[in-house]
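Please treat every number below as a calculation from the coordinates, not as lab data. The model shown is predicted, which means the values in this text are computed figures rather than measured ones. Because the Cβ atoms are built from the backbone with ideal geometry, glycine has one as well, and the counts that use them run over all protein chains shown.
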Amino acid sequence: MTEQQPIAVLGGGSFGTAIANLLAENGQHVQLWMRDSEQAEAIRVNRENPRYLKGVKIHPGVEPVTDLAASLAACEMVFVALPSNALRNVLQPFVEQLAGKLLVSLTKGIEAQSFKLMSQILEDIAPQARIGVLSGPNLAKEIAEHALTATVIASEDDALCQRVQAALHGRTFRVYASSDRFGVELGGALKNVYAIIAGMAAALGMGENTKSMLITRALAEMTRFAVKLGANPMTFLGLAGVGDLIVTCSSPKSRNYQVGFALGEGLSLEEAVTRLGEVAEGVNTLKVLKAKAEELQIYMPLVAGLHAILFEGRTLTQVIELLMRAEPKTDVDFIPTSGF
Ligand SMILES: NC(=O)c1ccc[n+]([C@@H]2O[C@H](COP(=O)([O-])OP(=O)(O)OC[C@H]3O[C@@H](n4cnc5c(N)ncnc54)[C@H](O)[C@@H]3O)[C@@H](O)[C@H]2O)c1
Ligand SMILES: O=P(O)(O)OC[C@H](O)CO
């Protein structure tokens, strides 16, 4: 089934462009909104987004646009692929136009002061909108190259999930549904932090045992945090939890992993982020997560360790020593046996 109206995708970075292409391949007319009119014009003419998705042909059904008000007026379904630090400011002026829309956040971050997830910000701005979150092991470049991929659309609104499945589900992209919007979104935001650590470990030449320990203990830590905040721990066993954690902690294509790798090579945080030149949400998430874990007294040694290296002047060697010598713990202690 194809939507009659165009669908809007906000954000002309790598993920917005990849999702816009998928929608267009499914027969949708897509308005890909970006702030930069020169970039929009270049994409319109050359059918490529060389800064963010080099070498990928942009489908003729994708129309790059720069008038956000006009796009919101024309489209009922809106995918939001803006960096987390831009989302509120970009959408705040359009409160009235957003009422009644289907707003789907693709953004994996947490707002600094409020600790709000992106769909919660969308709710703040547009209480009359219908809201969902798309998250999972979804490297933009692989999606664009048609690697077989799965994702999760999460919303309390079943009809919204079905509309998104119909629009996006395709030959190379499977869309699973979930009613746990909070858990799915939290998984996508938290895993970025652990990908930075995994990138560092890779740069230091650590082995497969280390990688496995890291991913598994990261899952324990993020699930412990999520349970404390009231999320369903079972969601963390799915695509948007452990699925996304595995891909982001294993792939040099992940930008968060790349930042970690650069840090492991000895670059400063500033140098690592500058060299990347794209969004690595894990850096900001680390700061807010560390503060929240302290406030709620949640044991998160990996988060505390990375924070100590990046912002408290500790060396990697000191932190590894502390982590490995910490008092022995129980393996699976983070999933309550009842209550869910
Ligand atoms: N790239 C991926 O593989 C991937 C996959 C899943 C989710 N995500 C999430 O999607 C979000 C966007 O990431 P991305 O990979 O597309 O980023 P990117 O770095 O590839 O591109 C960011 C885009 O946002 C635009 N932008 C920045 N500030 C803006 C502002 N104030 N107003 C309008 N546009 C602005 C930039 O011009 C650029 O087009 C992130 O939260 C990321 O975690 C990315
Ligand atoms: O490139 P990253 O690190 O932002 O990760 C991209 C996606 O979130 C992977 O699912």
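Some observations on this one:
- Sorting D244, D331 from the fewest to the most surrounding beta carbons within 10 angstrom yields D331, D244.
- Using distinct alpha-carbon pairs, which all enter the 1/r mean, Kirkwood radius of region 190-325 in Å: 14.8
- Calculated [222 nm] ellipticity per residue, helices only, for the chain: -15000 deg cm²/dmol; basis is -39500 (n - 2.57) per DSSP H run with n ≥ 4, divided by all residues, nearest 500.
- Over the chain - Rg/Rh using Cα atoms and the Kirkwood inverse-distance radius: 0.97
- Theoretical FRET efficiency, 1/(1+(r/R0)^6), r = Cβ-Cβ of K57 and I335, R0 41 Å, to 0.05: 0.40
- Residues Y176, Y257 arranged by fewest to most Cβ contacts within 10 Å: Y176, Y257
- Long pairs among K54/K101; K253/K292; K108/K329; K116/K228, criterion Cα-Cα beyond 26 Å: K54/K101; K253/K292; K108/K329
- Taking a ≥ b ≥ c as the square roots of the Cα gyration tensor eigenvalues, region 1-69 comes out oblate, since a/c reaches at least 1.5 and a/b does not exceed b/c.
- Fewest-first ordering of S250, S268, S105, S14 by other beta carbons within 10 Å of each residue's beta carbon gives S268, S250, S14, S105.
- Relative contact order for the chain, counting Cα pairs under 8 Å that sit 6 or more residues apart, in percent: 14
- In sequence order, calculated HN-Hα J values of region 173-179 (Karplus, 6.51, -1.76, 1.60; Hz; x Gly/Pro): 9, 9, 10, 8, 9, 8, 9
- Global form of region 98-210, assessed from the alpha-carbon gyration tensor, a/c cut-off 1.5: oblate
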